[in-house]
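Student: Take a look at this one; I'll ask things after.
The values are calculated or read from the model by the stated rules, or taken from the named source; none is laboratory data. Just so you know, these numbers come straight off a predicted model, no measurement behind them. All Cβ positions, even for glycine, are placed from backbone atoms using ideal geometry, and neighbour counts span all protein chains on display.
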Amino acid sequence: MIGYVLRRFVSLIVSLVVASLVIFMVVEVAPGDPAAFMLGMSAQPDTLAALRAELGLDVAKPQRYLNWVSGMVQGDFGTSYTYRTPVAGMIADRMWISLPLAVYALVLSTLIAFPAGIYAASRRGRAGDIAVMGATQLGVAVPNFWFAMIMVLIFAINLGWFSAGGFPGWDKGFWGGIKALTLPAIALALPQAAILARVMRSSLLDMLGEDFIRTARAKGLRARSVLWKHALRNAMIPVLTIIGLQFSFLLAGGIIIEQVFYLPGLGRLVFQAITQRDLIVVESVVMLLVFAVIVVNFVVDLTYAAVDPRLRVQA
Amino acid sequence: MTRRWPNRSLMIGAALALIFIAGGFLSLIWTPYAIDGVDIPNKMLLPTAAHWLGTDHLGRDILSMIMVGAQTSIAVAVLAVGIGMGVGIPLGLTAAARAGGWLDEFIMRGNDLVFAFPSLVIAILITAVFGPGAVNAIIAIGIFNIPVFARLTRGAALSLWQRDFILAARVSGKSGLRISVEHILPNITSLMIVQGTIQFSLGILAEAGLSYVGLGAQPPIPSWGRMLAESQTLVSLAPQLALIPGLAIVLTVLGLNLMGDGLRDMLDPRIRAER
Amino acid sequence: MPLLHVDHLSVSIHAHPVLHDISLHVDAGEIVALTGESGSGKSMTSLAVMGLLPRGAQASGQILLGGTDLLAQSEAQLCGLRGRAMGMIFQEPMTALNPVQTIGDQVAETILIHERTSRSLARDRAAAMLARVGLPTDQFPLSRYPHELSGGQRQRVGLAMAIALRPRLLIADEPTTALDVTTQAQILDLLKELVADFGMGLLLITHDLAVVSSIADRIVVMQKGHVVETGQTAALLAAPVHPYTRMLFAASRHRVDLPSPPPPVPLLEVRQVVRDYRVRRGLLGRAARVRAVDEVSFTLQRGERLGLVGESGCGKSTLTRAILGLEQVQGGTITLEGAPVWTDARANRAVRRKMQVVFQDPYGSFNPRHRVDRLITEPFHLLDSPPTGTARQDAIAEALTSVGLTPADAGKFIHEFSGGQRQRIAIARALIIKPALIVFDEAVSALDVSVRAQVLDLLADLCRRYPLSYLFISHDLSVVRSITDRVMVMQGGRIVEEGATEAVFSAPQHAYTRALIAAAPRLPDLERPLIHA
């Protein structure tokens, strides 16, 4: 078990390093001169030189990379070119909207999908299954941001149950923040829940065809107990993979959905930074997003071992 | 081989999807109205005989815009699937042919790495450096499709490599490359077709999201996603501006998914009728 | 009153009849063998008794277990009977257990389903039952998972689960088919013991007549969903009445007439071959070496039929792949007609074209998308100038006719053929480039007994027509005994005994060979000496 955790951890570190290399190379190395890019065509040579010095572009590339990484590890994400303030500060508040939103949506998605998928599998071929399959077929076809717009139309504008957008801030109360994130989280969660429910159902049905299920029934277990006690745990394994992938979709989807709800999250920050050509902010936000995805996948890998004892024994 | 052909799911799905695909192709030569014409007096009309789907906030005919927008969605999605398959399938075949070796490990780790970068993030990176445009959307979605196809191909190929007929081919002196092309590839085409249909529909969704936030096709090229973005401020006044492009997306994707399900049932002899 | 009385049972699935008017009975303390070839309906009968028929199945008739008609019971009532009054074990031990549950929990579950008792008491009883089947808890703690056990051990766990509550009836569906010969003997002995001990009735389903003759009190023979004959074992084996039964027994006892081998000239020489595997244990583990083939040496003469027997894991598959030039060896040499198979890390095509192979699985040996002519000409890839045009057609026609098929079959797809026909096509594929050596890797093991006899006859016939040398690998000792001149016994990567087939079988020298032969169930009267034509 320890060996497995250690191997996964090493894999985590390697992924982070390679990801950071890729991001670094795309942003700072590929287009030639980031300084010229940021200042535009009509920049003066001395302004260019000053910016290059400020950005540390006069240093050799490997050194620049190491500076960047060591800075990030210490919490220093550089200085925004547009606003001349530390990027870390700009990210901090916004991160606490985007990341919780993705987690909230993941929890909702799982809470909806598991019962739906299990119910559909247990009622295979009958009305309940067909209803769930029909609903999920529709659900996976819906773009989450459009669904969000519709929900705003119905629940915020027409019914007035939620505000149409904005975020009061966590310091004004935990539940206030959650309420503001609820409509966005639901909009994000439902299409993903549709996908997850289908995977859950299909994984369960696969399991129910396996030999050990026949053995369980030969012992006298009722069909329902067979599903809950034997099929479900084995079916979880492929489902966990999907949940890990889902987090990255939810994080990305959340960035997009912020536009619908005017949430002051990482989305607005990074899209503005793109138009402002503030590569430093873009670099940092992307690194943060990728970091979150890699860490969540590491956690999912650990849960594999909890569910499947065959993984623990690999020496 | 092929079962009840063609089945209901496939027919309904194909019909739905084809409406939009046909619309897209038709718009290459003709649309009811020109989409660059601004006609303010006629803005925000509900559907009428003259404008079947109404007009937007600038007076442009929505039906025409949907048709031309279909071009963008389809082109981006198709090219992205092309990239995914063109790079992903050979990678998957190679990894399976060299299973357990360093090349296999390398490809799988590479896959995992790309999975850590959702297409939105790749699009952000590319756009930040190269500027926005439809090409970025194609590359971003395409790159994310690569590990999807690579992983699927590798899995399917690995189970085929265990079979005796592959061993027979090896005994006949055939190389891994030859076996991958002659024996493995033909036996996974149905799987690839089904997955291709699914990735196509996912590509349309992804493209819509990217153009919604401004990272996809830029004006004057219309796209469904941007139509939704433009409708957002007016959603309480003219909800149809948000509903119509959204429905176009939903119906096209739904149609493609039904096609994919129908194809899978038809092409995979192991699928039991009950599923 | 018999314990189990199946009375005029008929089953159809989706309106397609599969069982016709089946009647049989099992008494307490009796072992009844239900036998027949594939498709005979024997498994379906057992599933009908347990109430585990697949969806869409309709059953009529009566199945009386101690007076209760099982077909008239509701699902809830059947659940009460399964595991308590009747138990079942299945064929494939590797997939029969829940991989994420401990063996202790799985055995205890049978108890907990039917009795109100505490979990710890149930676990104690489970431990006792596991010990009874040969898995004492000091060596096999209850916290073990199935993947930590071998096939034979998993089958014992399955048995413990099935008999935990001492059911009156035990059904065993091909319980030993997937196991090694020695393990098979142990499990069969265990079953006999338990029947005597618990006074259970055992309905044993098996296609292996040798197993039937060694353990069953009575035999029920089935063919295509019908019961064709039943009777006491000894009597039935000595004097079968029904033509199908007679055919079945004759095929099981079938001895092939091999022509005499020519004077010895070395063809394949294997000297001190060593094959190591590196078992990688991940990023942080150390690599260990597993020696699969340990200094094996032997010579196969031209025109000789050499057998290779051994249980799973002995290294015979690895050795075969090394001989065929598919895997490189770490030590020793392999030469065919004096030329080495491997030169500088590359397998010699000129040498490899003199060897071909026939595999075990008739259903997996062919690409389902290719037609027969393309399938059997695959070995042409090894030739420098493969025949084209009419020469190619002629080669295909000749290969197909020599195995008893017709040239017209060349245009068909493989799914149009039965298992036995597919093996013939596999032999045609092996013969088409007229190799000097053919390796038969468990080539008849997956075939029904009657089809097997035909294919073995085909082999003998081919030996008469062509100068055929082959290496025949099998775990089935009776087949090897009839189809080879010399035999080698392999264990743990080494050849532990070799010699003339009859000599080795009638007077084995090595302890392992003796154990193997003793464990192999035998049909009576199989000990007469081989007559060469």
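Student: Considering each residue of the range C:38-56, count those that are more than 14 Å from chain A (Cβ to nearest Cβ) and more than 15 Å from residue C:21 (Cα to Cα), and give that number.
Tutor: Looking only at that region, the number is 2.
Student: May I pose another question? Just to be sure, is residue A:17 out of contact with any Phe, Trp or Tyr (no Cβ under 7 Å at 6 or more places or on another chain), surrounded by fewer than 16 Cβ atoms within 10 Å (Cβ to Cβ), closer than 22 Å to residue B:123 by Cα and modelled with pLDDT of 75 or more? Talk me through it step by step, then tell me what you get.
Tutor: On the way: out of contact with any Phe, Trp or Tyr (no Cβ under 7 Å at 6 or more places or on another chain): yes; surrounded by fewer than 16 Cβ atoms within 10 Å (Cβ to Cβ): yes; closer than 22 Å to residue B:123 by Cα: yes; modelled with pLDDT of 75 or more: yes.
Judged against the criteria, residue A:17 is a match.
Student: Here's a check for you: in the range C:57-88, which residue that is more than 11 Å from chain A (Cβ to nearest Cβ) and at positive phi is modelled with the highest pLDDT?
Tutor: Out of the qualifying residues, it is C:61.
Student: Taking the range C:305-363, which residues are at the interface with chain B (Cβ under 9 Å from one of its Cβ atoms), touching a Pro at 6+ places or on another chain (Cβ under 8 Å) and of a type outside the set (A, V, I, L, M, F, W, C)?
Tutor: Answer for the range C:305-363, where residues must be at the interface with chain B (Cβ under 9 Å from one of its Cβ atoms), touching a Pro at 6+ places or on another chain (Cβ under 8 Å) and of a type outside the set (A, V, I, L, M, F, W, C): C:353, C:356.
Student: Taking the condition of being within 14 Å of chain A (Cβ to nearest Cβ) and surrounded by fewer than 18 Cβ atoms within 10 Å (Cβ to Cβ), how many residues in the range C:141-150 meet it?
Tutor: 4
Student: Right, another one. Given the criteria charged (D, E, K, R) and more than 21 Å from residue B:246 (Cβ to Cβ), does residue B:61 qualify? I'd like the intermediate steps shown before the answer.
Tutor: Details: charged (D, E, K, R): yes; more than 21 Å from residue B:246 (Cβ to Cβ): no.
No, not satisfied.
Student: Checking the structure you have, find out if any residue of the range C:383-399 is closer than 30 Å to residue C:39 by Cα and of a type outside the set (Gly, Ala, Ser).
Tutor: No.
Student: Further question on the same structure: Picking from B:201, B:172, which residue would you name as being of a type in the set (S, T, N, Q), without any contact (Cβ under 8 Å) to a residue 40 or more places away in the chain and buried (at least 17 other Cβ atoms within 10 Å of the Cβ)?
Tutor: Within the list B:201, B:172, the selection yields B:172.
Student: Follow-up. Name the helices (runs of 4 or more DSSP H) wholly within the range C:383-476 that hold at least 3 residues that are under 26 Å from the mean Cα position of the chain (by Cα), charged (D, E, K, R) and under 26 Å from residue C:207 (Cβ atoms)?
Tutor: On the way: elements: C:389-402, C:419-431, C:449-465.
Those helices (runs of 4 or more DSSP H) span C:449-465.
Student: With (1) free of Cβ contacts under 8 Å to residues at least 40 places away in the same chain; (2) buried (at least 21 other Cβ atoms within 10 Å of the Cβ) as the list, and residue C:197 as the residue in question, which single condition is left unmet?
Tutor: For residue C:197, the failing item is (2).
Student: Right, residue A:239: within 14 Å of chain C (Cβ to nearest Cβ) and under 23 Å from the mean Cα position of the chain (by Cα) or not?
Tutor: Yes, satisfied.
Student: Something else: Of the numbered conditions (1) buried (at least 20 other Cβ atoms within 10 Å of the Cβ); (2) touching a Ser or Thr at 6+ places or on another chain (Cβ under 9 Å); (3) outside any loop (DSSP other than H, G, I, E, B), residue B:113 fails exactly one; give the number of that condition.
Tutor: Here residue B:113 clears every test but (1).
Student: Which of the numbered conditions does residue C:92 fail, given that it passes all the others? Conditions: (1) acidic (Asp, Glu); (2) touching a helix residue (DSSP H, G or I) at 6+ places or on another chain (Cβ under 9 Å); (3) farther than 22 Å from residue A:211 by Cβ.
Tutor: Checking residue C:92 against (1) acidic (Asp, Glu); (2) touching a helix residue (DSSP H, G or I) at 6+ places or on another chain (Cβ under 9 Å); (3) farther than 22 Å from residue A:211 by Cβ, the one that fails is (3).
Student: Same structure, new question: Give A:60, A:113 a once-over and let me know the one that is more than 20 Å from residue A:286 (Cα to Cα) and in contact (Cβ under 8 Å) with a residue 40 or more places away in the chain.
Tutor: Going through A:60, A:113 in turn, just one is more than 20 Å from residue A:286 (Cα to Cα) and in contact (Cβ under 8 Å) with a residue 40 or more places away in the chain: A:113.
Student: Picking from A:195, A:256, which residue would you name as being touching a residue at least 24 places away in the same chain (Cβ under 8 Å), in contact with a Gly (Cβ under 9 Å, 6 or more places away or on another chain), facing another protein chain (nearest Cβ under 8 Å) and crowded, with 18+ Cβ neighbours inside 10 Å? Quick ask: steps written out before the conclusion?
Tutor: Numbers: A:195 fails: facing another protein chain (nearest Cβ under 8 Å).
Selected residue: A:256, the only one of A:195, A:256 that is touching a residue at least 24 places away in the same chain (Cβ under 8 Å), in contact with a Gly (Cβ under 9 Å, 6 or more places away or on another chain), facing another protein chain (nearest Cβ under 8 Å) and crowded, with 18+ Cβ neighbours inside 10 Å.
Student: Another question, if that's okay. Taking the range B:225-246, which residues are at the interface with chain A (Cβ under 9 Å from one of its Cβ atoms) and within 15 Å of residue B:205 (Cα to Cα)?
Tutor: B:225, B:228, B:229, B:245, B:246
Student: Additional query: Would you mind finding the one in B:254, B:267, B:234 that is under 26 Å from residue A:157 (Cα atoms) and surrounded by fewer than 24 Cβ atoms within 10 Å (Cβ to Cβ)?
Tutor: B:234
Student: Pairs only if they're at least six apart or on different chains, beta carbon under 7 angstrom, first in the range A:140-164 and in contact (Cβ under 8 Å) with a residue 12 or more places away in the chain and aliphatic (A, V, I, L, M), second surrounded by fewer than 23 Cβ atoms within 10 Å (Cβ to Cβ) and in a loop (DSSP other than H, G, I, E, B); list them, first residue then second.
Tutor: Going by the 7 Å Cβ cut-off, the qualifying pairs are A:149/B:235; A:152/A:164; A:156/A:162; A:156/A:163; A:156/A:164.
Student: Then there is this: Which members of the range A:165-176 meet the condition of being in contact with a helix residue (DSSP H, G or I) (Cβ under 8 Å, 6 or more places away or on another chain) and without any contact (Cβ under 8 Å) to a residue 60 or more places away in the chain?
Tutor: Correct list: A:168, A:169.
Student: Could I ask something else about it? Please go through the range A:217-232 and pick out each residue that is facing another protein chain (nearest Cβ under 7 Å) and part of a helix (DSSP H, G or I).
Tutor: Passing the criteria: A:217, A:218, A:230.
Student: When you scan the range A:283-304, do you find a residue that is within 14 Å of chain C (Cβ to nearest Cβ), assigned to a helix (DSSP H, G or I), over 17 Å from the mean Cα position of the chain (by Cα) and surrounded by fewer than 23 Cβ atoms within 10 Å (Cβ to Cβ), even just one?
Tutor: The answer is yes; a qualifying residue exists.
Student: Name every residue in the range C:31-46 that is out of contact with any helix residue (DSSP H, G or I) (no Cβ under 8 Å at 6 or more places or on another chain) and surrounded by 19 or more Cβ atoms within 10 Å (Cβ to Cβ), in order of residue number.
Tutor: C:32, C:40, C:41, C:42, C:44, C:45, C:46
Student: Quick test for you: out of C:127, C:108, C:122, C:85, pick the one residue that is hydrophobic (A, V, I, L, M, F, W, C) and either under 30 Å from residue C:6 (Cα atoms) or surrounded by fewer than 16 Cβ atoms within 10 Å (Cβ to Cβ) (or both).
Tutor: C:85
Student: Of the residues C:179, C:194, C:190, which single one is closer than 15 Å to residue C:159 by Cβ and not in a helix (DSSP H, G or I)?
Tutor: None of the others qualify; the one that does is C:179.
Student: Now, a different point. Evaluate the following for residue B:67: is it closer than 29 Å to residue B:139 by Cα, among the hydrophobic types (A, V, I, L, M, F, W, C) and part of a helix (DSSP H, G or I)?
Tutor: Spelling it out, residue B:67 is indeed closer than 29 Å to residue B:139 by Cα, among the hydrophobic types (A, V, I, L, M, F, W, C) and part of a helix (DSSP H, G or I).
Student: Considering the range A:263-280 alone, what residues qualify as being of a type in the set (A, V, I, L, M) and part of a loop (DSSP other than H, G, I, E, B)?
Tutor: Filtering the range A:263-280 down to residues of a type in the set (A, V, I, L, M) leaves A:263, A:266, A:269-270, A:273-274, A:279-280.
Within the range A:263-280, just A:263 meets the criteria.
Student: Hey, among the residues in the range C:360-377 that are in a helix (DSSP H, G or I) and touching a Lys or Arg at 6+ places or on another chain (Cβ under 7 Å), which one's surrounded by the fewest Cβ atoms within 10 Å (Cβ to Cβ)?
Tutor: It comes out as C:375.
Student: Any residue that is more than 30 Å from residue C:346 (Cβ to Cβ), modelled with pLDDT of 90 or more and in contact with a helix residue (DSSP H, G or I) (Cβ under 8 Å, 6 or more places away or on another chain) - is there at least one of those in the range C:306-314?
Tutor: Yes.
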